[in-house]
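Bear in mind that the values in this text are calculations on the coordinates, not laboratory data. Remember, predicted model here, so these are calculated numbers, not experimental data. Cβ atoms come from the backbone with ideal geometry, glycine included; neighbour counts cover every protein chain shown.
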Amino acid sequence: VQLQASGGGLVQPGGSLRLSCTASGVSFSTYTMSWFRQAPGKEREFVSAINRSRYTYYKESVKGRFTISRDNAKSTVYLQMNSLAPEDTAVYFCAADRQVIVSSYRRADAYDYWGQGTQVTVSS
């Protein structure tokens with residue numbers, strides 16, 4: 001199983017980025033796909049999840065700014081990030097698991113598969 005994340009970069013406050021994560025070696029449509037992020041010196045934290053039924057979940061501080069979506073035909077999950085702020089600066093990781101339950105979506109240790117991470121820097 002491989003997860004390949006991309007789309008990070010440097011953006012000014014208030015700007016937008018779209019992250020992508022493409023999976024291979026899995027039955028993508030049956031997996032819950034999530035995004036986590038990790039800022040320097042901090043623990044990895046949950047950002048958003050989308051399950052096989054396309055129900056979505058978000059960290060409170062990104063609600064209304066970030067949108068997660070999936071394209072099963074392309075085995076890809078997206079994270080559209082708008083109104084970015086400096087506190088959104090982090091390495092963003094995608095994660096996948098077929099058996100994770102809703103109550104565990106926010107736990108990094110609940111996921112079996114991880115992408116390599118993509119850096120998002122929000123700065124003027």
What FRET efficiency comes out for the pair residue 82/residue 60, r = Cβ-Cβ distance, R0 = 25 Å, nearest 0.05? 0.95
How high is the FRET efficiency between residue 10 and residue 38 when r is their beta carbon distance and R₀ equals 22 Å, given to the nearest 0.05? 0.80
Please work out the C-alpha center-to-center distance from the stretch 1-56 to the stretch 66-124 and express it in whole Å. 2
Compute the signed sum of charges (Lys and Arg +1, Asp and Glu -1) over the other residues within less than 12 Å, Cβ to Cβ, of residue 8. +1
The long-range amide H neighbours of residue 15, using H built 1.01 Å from N in the peptide plane and a cut-off of under 5 Å, are 84
What share of all Cα pairs of the stretch 1-99, in percent, falls into each consecutive 10 Å distance bin? 16, 51, 28, 5
Hey, what do the phi angles of the stretch 115-124 turn into as Karplus ³J(HN,Hα) couplings, whole Hz, using 6.51/-1.76/1.60 and θ = phi - 60°, x for Gly and Pro? x, 7, x, 9, 7, 10, 10, 10, 7, 8
Derived scalar couplings ³J(HN,Hα) [the stretch 35-41; Karplus, 6.51 cos²θ - 1.76 cosθ + 1.60; whole Hz; x for Gly, Pro]: 10, 10, 9, 9, 8, x, x
Counting only DSSP beta bridges with both residues in the chain, tell me the antiparallel percent, nearest 5. 90
Suppose each label sits 7 Å from its Cα in the direction of the beta carbon; what would the residue 27-residue 112 distance come out to in nanometres? 1.2
Scattering from the C-alpha atoms of the stretch 54-124 alone, worked out with Debye: what is log10 I(q)/I(0) at q = 0.14, 0.24, 0.27 1/Å? -0.50, -1.42, -1.54
Could you pull out every one of the aspartates and glutamates with an alpha carbon less than 13 Å from that of residue 42, ignoring same-chain neighbours closer than 8 positions? 87, 88
